[in-house]
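Some notes on the structure that comes next.
Nothing in this text is a laboratory measurement; each read-out follows from the coordinates by a stated rule. Note that the coordinates shown come from a computational prediction; the quantities given were computed from them, not determined experimentally. For neighbour counting, all protein chains shown are included, and Cβ atoms are generated from backbone atoms with ideal geometry for every residue, glycine included.
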Amino acid sequence: MNLLLINASIVTMETGDSGYQIQQDQFIVLSSGKISQIGSMQDLPDSVFDHILDCSSKLITPGLIDCHTHLIFAGNRAGEFEQRLNGATYQEIARGGGGIMATVHATREASEQELIEKALKRLSGLIRDGVTTVEIKSGYGLTLASELKMLRAAKQLELYADIKVSTTLLAAHAVPPEYISDADSYIDYICASIIPAAVEAQLVDYVDVFCEGIGFNLAQSKRVFSSALKYGLGIKGHTEQLSNLGGSILAAEMGASSVDHIEYLDQKGVEALAANGTVATLLPGAFYFLRETHLPPIDLLRKYKVPMALATDFNPGTSPIASIAMIMNMGCTLFNLTPQETLRGVTCNAAKALGLEKQRGQIKVGFDADLCLWNIDHPAQLSYEIGTPLLDLRIINGEICND
Ligand code: DI6
Ligand code: FE
């Protein structure tokens, strides 16, 4: 199967500092799931193609990548949202047994099929905005069986929707009730049982830890990361979201692909990201939903040339927002990112956050043929206009999706 795109305006998102790299009047050949040729329309090859698509008046970007979500869970936390509006804080609710733990109870009860069905609805929001790859974390099971159930459900979304899924084990999201006064024993269990079983079942690409006062401390985080690395898995962290514990420096020095949230990251932390090639993943949805006021150190990240990714963090407690378009807009309005930075954040830099920078996130020969065609004139529109369906169609592995 091959596909020829003609009259294409391509926003390549090739890495480098010089703009969007828009190329007009191009053709693109997609074959065997990859981008196999790109060139000027004057040099159009005269080979035979299974399918030809005229892209006049469209803009083509890489398929968008949402590199941080918690899409699999049961229940909802609208009641807590109301409690917070009546004065309770996120941390107080968590300490009272609500918060993440409320979702853990609901998720443990749910069947795998129920989890898939609920996630498909949320996923449809991301797909409508042009997402072709989504990262999904476990972390609402906190037992071996229920963490694996979440990861299996996440992987199976690929069978029900046109989407590529990257999975992350976040067993170290919260201390479960069974271990409430003994977090270290829960860490033992994660390292000795959950990580090996997830590896054995081939269900996991990355291991993540919530390193925070209401999560896990530095020593505990280090043990989980070490165990993940021993099994050849990549690591990433929920770090410096609500306070500065130094989790970002720890994760970066251990080789993390990304550290995520980082509202409270300081200069030393930024330097550690720069020194280790770690991506800074910004999550303005959680910032907005928690009415956080402490901004991530955007200017320092720019100064040290740390690649910034941007993601929905879709989850029931702090970011129930299934729209990467909305998140790109928030990246601009709340974090002062430019539309070019937000687009990099959901293409080339998001690919790097998932260790996929040599395959996805750019329009380049040899890369996966995952593309979006948009009914827009300029890429800045993707961060500017909320709610209007701008997407014309998605292409995954060289095939036009049935959205
Ligand atoms: N930080 C977050 O914002 C989410 N997890 C985390 O570690 C929130 C998860 C939840 O409240 O359910
Ligand atoms: Fe998260």
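Remark: region 301-309, residue by residue, has Karplus-estimated 3J(HN,Hα) of 4, 5, 4, 8, 6, 7, x, 10, 9 Hz, where x stands for each Gly or Pro and the curve is 6.51 cos²θ - 1.76 cosθ + 1.60 at θ = phi - 60°.
Take the Cα atoms of the chain, build their convex hull, and give its volume per residue in Å³. List each step's numbers first, then the result.
Details: hull volume 50.7 nm³, N = 403.
Hull volume over Cα atoms, normalised by residue count, gives 126 Å³.
Backbone geometry of region 119-135 corresponds, through the Karplus equation with coefficients 6.51, -1.76 and 1.60 at θ = phi - 60°, to 3J(HN,Hα) couplings of 5, 4, 5, 5, 4, 4, x, 5, 5, 4, 8, x, 6, 10, 10, 10, 8 Hz, x marking Gly and Pro. Axis of helix 324-335 versus longest Cα principal axis of the chain: the two differ by about 70°, to the nearest ten degrees. The 3J(HN,Hα) values that the Karplus relation (6.51, -1.76, 1.60; θ = phi - 60°) gives for region 228-245 are, in residue order, 4, 5, 4, 8, x, 8, x, 10, 8, x, 8, 9, 6, 7, 10, 6, 10, 9 Hz. Gly and Pro appear as x.
Ellipticity at 222 nm from helices only: DSSP H runs of n ≥ 4 in the chain, each -39500 (n - 2.57), divided by the residue count, give -10000 deg cm²/dmol. In region 235-316, what chymotrypsin sites (Phe, Trp or Tyr not before Pro) fall in a loop by DSSP, with at most 16 other Cβ atoms inside 10 Å? Passing both the DSSP loop test and the Cβ count: TYR304.
Full extension of the chain between ASN7 and ASP299 gives 101.3 nm of extra length, using 0.36 nm per residue less the Cα-Cα distance. Which residue fluctuates the most in the chain, going by a Gaussian network model with Cα springs under 10 Å, if the choices are PRO176, PRO320, PRO196? Fluctuation is largest for PRO196. The angle between the Cα long axis of helix 144-160 and the longest principal axis of the Cα atoms of the chain comes to about 20 degrees, rounded to the nearest 10. The angle between the Cα long axis of helix 267-276 and the longest principal axis of the Cα atoms of the chain comes to about 60 degrees, rounded to the nearest 10. GNM on the chain, alpha-carbon springs under 10 angstrom: the most fluctuating residue among LEU170, LEU123, LEU356 is LEU356. Backbone amide hydrogens, once placed in the peptide plane, bring LEU71 within less than 5 Å of LYS137, excluding anything fewer than 5 places away on its chain.
For the chain, leaving out every one of the trypsin sites (Lys or Arg not before Pro) that falls in a DSSP loop and has at most 14 other Cβ atoms within 10 Å, the longest unbroken run is 1-290.
Rank the residues ILE262, ILE363 as a footprinting-exposure proxy: fewest other Cβ atoms within 10 Å of their Cβ go first. Let's see the in-between values first.
Working: ILE262 28, ILE363 25.
Least to most surrounded, the residues fall as ILE363, ILE262.
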